[in-house]
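The values are calculated or read from the model by the stated rules, or taken from the named source; none is laboratory data. None of the values given here were measured: they were computed from a predicted structure. A quick note on method: Cβ atoms are made from the backbone with ideal geometry, for glycine too, and the neighbour counts reach across all protein chains shown.
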Amino acid sequence: MMRSFGRMATVTATLKRPPDIAGGQRGEPVPVDGWTAEVLPLMPVDAHTQQVAGLDTPVGVLQTFAQGDIDIRAGDVLVVDGVEYPVRWVEYWPFEAVTTVQIVVEEVRL
C-alpha cells in the first residue's frame with residue numbers, strides 16, 4: 001500500500017458474497033473468510049462516474065477506494081461499520097506500484 005494512501009485509508013471493510021445458484025435460486029450473501037481491506041471513507045459519487053457506470057438509480061450511490069489485488073465484484077456486499085452496501089460497480093486502475101480499486105455501492109435508505 002502506498003504510504004499516502006495508507007494514511008487516508010482509515011476504514012476497515014469486509015465482504016459478503018452470494019453463493020452460487022442452486023435449484024434455480026441464489027442464497028443470501030455470506031461472509032468471505034479472511035477478506036478485509038483498508039478503504040477510504042465512503043463518499044458521494046460524482047455525476048460523471050454515475051454516467052460511466054450506468055447507474056441511473058434513485059437510491060444513494062457512494063464510492064470508496066482500496067489498493068492491491070483484491071477480489072471484489074458487482075453483486076458482492078461491502079460491509080463498513082456493520083452497515084451492508086450492495087456493490088454496484090468496480091473498476092481496477094493498474095498503476096506502476098499498485099492497483100487501485102474504485103468500489104461503487106448503493107446506500108440503502110429506509
Subject >> Residue under evaluation residue 84, criteria (1) surrounded by 13 or more Cβ atoms within 10 Å (Cβ to Cβ); (2) closer than 29 Å to residue 97 by Cα, criterion not met >> reply: (2)
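To keep it simple, each residue is scored yes or no on (1) in contact with a Lys or Arg (Cβ under 7 Å, 6 or more places away or on another chain); (2) under 20 Å from residue 33 (Cβ atoms); (3) among the hydroxyl-bearing types (Ser, Thr, Tyr).
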| position | (1), (2), (3) |
| --- | --- |
| 74 | yes, no, no |
| 82 | no, yes, no |
| 93 | no, no, no |
| 97 | no, no, no |
| 106 | yes, no, no |
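Quick grid of which residues meet (1) within 10 Å of residue 105 (Cβ to Cβ); (2) among the β-branched types (Val, Ile, Thr); (3) surrounded by 12 or more Cβ atoms within 10 Å (Cβ to Cβ):
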{"position": "40", "(1), (2), (3)": "no, no, yes"}
{"position": "45", "(1), (2), (3)": "yes, yes, yes"}
{"position": "50", "(1), (2), (3)": "no, no, yes"}
{"position": "61", "(1), (2), (3)": "yes, yes, yes"}
{"position": "65", "(1), (2), (3)": "no, no, yes"}
{"position": "89", "(1), (2), (3)": "yes, no, yes"}
{"position": "92", "(1), (2), (3)": "no, no, no"}
Original post:
Residues in the range 40-53: is at least one in contact (Cβ under 8 Å) with a residue 60 or more places away in the chain and either closer than 15 Å to residue 103 by Cα or hydroxyl-bearing (Ser, Thr, Tyr) (or both)?
Top reply: yes
Original post:
If you check 27, 23, 6, which single one turns out to be modelled with pLDDT under 90, within 14 Å of residue 77 (Cβ to Cβ), out of contact with any Lys or Arg (no Cβ under 7 Å at 6 or more places or on another chain) and not charged (D, E, K, R)?
Top reply: 27
Original post:
Which number in (1) surrounded by 12 or more Cβ atoms within 10 Å (Cβ to Cβ); (2) closer than 23 Å to residue 69 by Cβ marks the one condition that residue 4 misses?
Top reply: (1)
Original post:
With the range 26-110 as the region, which strands (runs of 3 or more DSSP E) entirely inside it contain at least 1 residues that are more than 17 Å from residue 13 (Cα to Cα)?
Top reply: 60-67, 83-94, 99-107
